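For reference, the structure discussed in these notes is given below.
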Amino acid sequence: AFERESDLKHEYINGEIFAMTGASRFHNLICVNVITTLRNQAKSKGCTVYPADMRLRIQATGEHTYPDVSMLCGESHFAENIFDSLINPSLIIEVLSPSTERYDRGKKFQIYRKIETFKEYVLISQDSPHIEHYALNPAGKWELSDVIGLDKSLKLLSVDCTLDMAEVYDLVIFPDKSN
């Protein structure tokens, strides 16, 4: 109820409330590129893509987060039948920021793994064409693969979509690391 009345977004983790800050230009561009790419592929598959304003509720713990992108195929389910807290994503994507990278890789990934429907986690770098892809294998273990370079692509099995790196990073300028 507090979050629904607030002008700001907050995450609720381990009984604590954290205010969310704004994102950088390139963070936003990457999110738009990813959402556009996935939405174009999802239309005919019965899949839904949600942007960062869709709150995610972790049913097992009651925690709430705002992933940069979440996606599922089939029917979306929401906490308490109020359509602002998704509970059944299969794919979650975070664009890494200097202030959140450690959290996204660690504690947030631990929290997400408590979601029964969660199958793939994608971490996208803003500083170079690099994606880390975690996929839950049939044995219930998370496997990591890296996709590096604008000429590569990533197949997302849980939603039957592909992210082409050139599309993900369209209009993004990487920092000059030669200095």
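The values are calculated or read from the model by the stated rules, or taken from the named source; none is laboratory data. Just so you know, these numbers come straight off a predicted model, no measurement behind them. Cβ coordinates were reconstructed from backbone atoms using ideal geometry, including for glycine residues, and neighbour counts include every protein chain displayed. Side chains are part of the model used for accessible areas, which takes the heavy atoms of the whole protein and leaves out ligands, DNA and RNA. Shrake-Rupley method; radii C 1.70, N 1.55, O 1.52, S 1.80 Å.
Which residue is surrounded by the most Cβ atoms within 10 Å (Cβ to Cβ), if the candidates are limited to segment 113-151 and must be among the aromatic types (F, W, Y) and assigned to a strand (DSSP E or B)? Spell out how you get there, then give the answer.
Keep residues of segment 113-151 that are among the aromatic types (F, W, Y), which gives 118, 121, 134, 142.
From what's left, assigned to a strand (DSSP E or B): 121, 134, 142.
On the way: Y121: 23, Y134: 19, W142: 13.
My answer is Y121.
Among the residues of segment 152-172, those identified as part of a loop (DSSP other than H, G, I, E, B), of a type outside the set (S, T, Y) and either farther than 16 Å from K45 by Cα or touching a Ser or Thr at 6+ places or on another chain (Cβ under 9 Å) (or both) are K152, V159, D170, L171, V172.
Scanning segment 66-91 for residues that are crowded, with 21+ Cβ neighbours inside 10 Å and β-branched (V, I, T) yields a count of 1. Residues in segment 95-112 that are assigned to a loop (DSSP other than H, G, I, E, B) and farther than 16 Å from V69 by Cα were compared, and the one that is most open to solvent (accessible area, probe 1.4 Å) is P98.
Taking only segment 41-94 into account, find how many residues are assigned to a helix (DSSP H, G or I) and charged (D, E, K, R). Quick ask: steps written out before the conclusion?
Keep residues of segment 41-94 that are assigned to a helix (DSSP H, G or I), which gives 41-45, 79-81.
Of the ones still in play, those that are also charged (D, E, K, R) are 43, 45, 80.
So the answer is 3.
Out of all the residues in segment 86-93, is one or more in contact with a helix residue (DSSP H, G or I) (Cβ under 8 Å, 6 or more places away or on another chain) and under 24 Å from L171 (Cβ atoms)? Yes, because at least one residue in segment 86-93 is in contact with a helix residue (DSSP H, G or I) (Cβ under 8 Å, 6 or more places away or on another chain) and under 24 Å from L171 (Cβ atoms). Among the conditions (1) in contact with a Lys or Arg (Cβ under 8 Å, 6 or more places away or on another chain); (2) of a type in the set (A, V, I, L, M); (3) at pLDDT below 95, A42 misses just one, which is (1).
Of all residue pairs spaced 6 or more apart or on separate chains, those with beta-carbon atoms under 8 Å, a first member in segment 71-92 that is under 21 Å from K43 (Cα atoms) and a second member that is of a type in the set (K, R) and in a loop (DSSP other than H, G, I, E, B) are S90/K119; L91/K119. Check segment 65-79 and report whether any residue there is more than 21 Å from L163 (Cβ to Cβ), out of contact with any helix residue (DSSP H, G or I) (no Cβ under 9 Å at 6 or more places or on another chain) and at pLDDT below 90. No; the residues of segment 65-79 include none that is more than 21 Å from L163 (Cβ to Cβ), out of contact with any helix residue (DSSP H, G or I) (no Cβ under 9 Å at 6 or more places or on another chain) and at pLDDT below 90.
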